[in-house]
Amino acid sequence: MIDPVDQFQNNLVPMVVEQTSRGERAYDIFSRLLKERIIFVNGPVHDGMSQLVVAQLLHLEAENPSKEISMYINSPGGVVTSGLSIYDTMQYIRPAVSTLVVGQAASMGSVLSAAGEKGLRFSLPNSRIMVHQPSGGYQGQATDIMIHAQETAKIRKQLYEIYVKHTGQDFEEVERALERDNFMSPQEAKDWGHIDEIVENRSDAKADDAK
C-alpha cells in the first residue's frame, strides 16, 4: 500500500533545469543535490528509506572515494535495523560523512547525527536532538515474548556502545541519559559530545569546505 504522505511529497518535488552541451536537462531537486554530494535523511527511518540512503552513499563513494559527503538529517527516528544499515554504511565507506541536523534528529536519527566524521557533526541553532533507549511491543507465546525481550536488550546495549564510541561518554552516562526520552538543544548536544559545532550560516559550516 502506498503511503499517502509519501505520495503527496513525491508529487511536490521540484525540478531543476540545467543547460548542457546537449541542450536542457531536468533533474528533481534531490538528484541535483546528490551531484553536489548532499544526501537527505528526511522523515521516518524504514527499510525503503534506508536502502535509498545506503545506495546513495555507495554511489558517491564509487564516484570519488576521497571527497566528503554531506548528510542532512531531519528525522523522528524509526526502525532500528534500518537505521543501523545506514550507520554501518557510513562507517564502512571511505569518504568522510559530515552530518547536519536540520529540524530534528530523534531516536535513530540521533544515532546517525552522532555517527558523522569527528569534527564534521553540525546542527542548525533551532534544531532538536532526542536520545532514548529502543522500545518494542510483542505478543504471542510467553517463550516468544522472552526471546524478543532478550533481543531488545541486546540491541539496547549495541546502541549504547555506539553512543559511547561517538560521544566520548562512558557507558553508565549513556545508560542514564537514554533511560527516558532526553531532548537536547544543540548546545546541550554539543556539551554531551553528540555534535561538534552549531552553525547559523553557511560561512560557519565546515561541512561544505570540501566541495
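The values are calculated or read from the model by the stated rules, or taken from the named source; none is laboratory data. Bear in mind the structure is a predicted one, so any value in this text is a computation, not a measurement. Cβ atoms come from the backbone with ideal geometry, glycine included; neighbour counts cover every protein chain shown.
Quick notes on this structure:
- Here residue 66 clears all of (1) over 10 Å from the mean Cα position of the chain (by Cα); (2) buried (at least 17 other Cβ atoms within 10 Å of the Cβ); (3) of a type in the set (Gly, Ala, Ser) except the condition numbered (2).
- Enumeration of residues in the range 83-98 that are over 22 Å from residue 182 (Cα atoms) and not basic (Lys, Arg): 85, 86, 88, 89, 90, 91, 92, 93, 95, 96, 97, 98
- Restricted to the range 100-131, and to residues there that are without any contact (Cβ under 8 Å) to a residue 60 or more places away in the chain and in contact with a helix residue (DSSP H, G or I) (Cβ under 7 Å, 6 or more places away or on another chain), the residue that is nearest to residue 178 (Cα to Cα) is 130.
- Each residue in the range 90-100 was checked for being farther than 19 Å from residue 36 by Cβ and under 11 Å from the mean Cα position of the chain (by Cα), and 0 of them qualify.
- Scope the range 107-148; condition buried (at least 22 other Cβ atoms within 10 Å of the Cβ), in a loop (DSSP other than H, G, I, E, B) and touching a Lys or Arg at 6+ places or on another chain (Cβ under 7 Å); matching residues: 120
- The range 115-165, residues that are within 21 Å of residue 90 (Cα to Cα) and among the β-branched types (Val, Ile, Thr): 129, 131, 155, 162, 164
- The residue list 172, 151, 161 contains one member that is modelled with pLDDT under 95, out of contact with any Gly (no Cβ under 6 Å at 6 or more places or on another chain) and either assigned to a helix (DSSP H, G or I) or under 15 Å from residue 45 (Cα atoms) (or both), which is 151.
- Residue 85 under 19 Å from the mean Cα position of the chain (by Cα), surrounded by 19 or more Cβ atoms within 10 Å (Cβ to Cβ), in contact (Cβ under 8 Å) with a residue 12 or more places away in the chain and under 30 Å from residue 62 (Cα atoms): no
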